[in-house]
Amino acid sequence: LELKLDVKFSDNQTVIRRILEDFNQATAGQTRTTIKLTADYRMSRRLTTQFYYDQTVSSFKTSQAFPTNQWQSGIALRLNLGG
């Protein structure tokens, strides 16, 4: 059994700065968290089963977009025909 976990976090922001007025305004940007988990199980010399889970959560810096939550999960079978 082989387990892999990948976690990423990013925070991007575009800001307009008016220095004389001491005013900052976010015009674009998002906070994104990504989680990827896979579990590979070797069933035989030629057959491997993989269970996977992938989730991305985004929240935006402006009110023009809604927060999103996307996920995928499933099972993949790999058959090695090479020997």
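Bear in mind these aren't lab numbers, they're just calculated from the coordinates by the rules spelled out. Predicted model only: the values in this text are computed from it and were never measured. No Cβ is skipped: glycine too gets one built from the backbone with ideal geometry, and neighbour counts run over all protein chains shown.
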(request) Provide the per-residue ³J(HN,Hα) series for the stretch 19-34, in order, calculated from phi with Karplus coefficients 6.51, -1.76, 1.60 and θ = phi - 60°, each as a whole number of Hz, with x at glycine and proline positions. (result) 5, 5, 8, 6, 10, 10, 9, 6, 10, 6, x, 7, 10, 10, 10, 10
(message) Can you compute log10 of I(q)/I(0) for the chain with the Debye formula, treating each Cα as one identical point scatterer, at q = 0.13, 0.18, 0.22, 0.25 Å⁻¹?
(response) -0.61, -0.83, -1.00, -1.11
(request) May I ask you to derive the relative contact order of the stretch 1-59, considering only C-alpha pairs under 8 Å and at least 6 residues apart, and to give it as an integer percent? (result) 35 percent
(message) Only four residue types carry charge here, +1 at the Cβ of Lys and Arg and -1 at the Cβ of Asp and Glu. Report the dipole size of the chain about the Cα centre in Debye, rounded to the nearest 20.
(response) 380 debye
(request) Can you tell me the order of 20-28, 45-53 when each peptide is scored by its average per-residue count of other Cβ atoms within 10 angstrom, highest first? (result) 45-53, 20-28
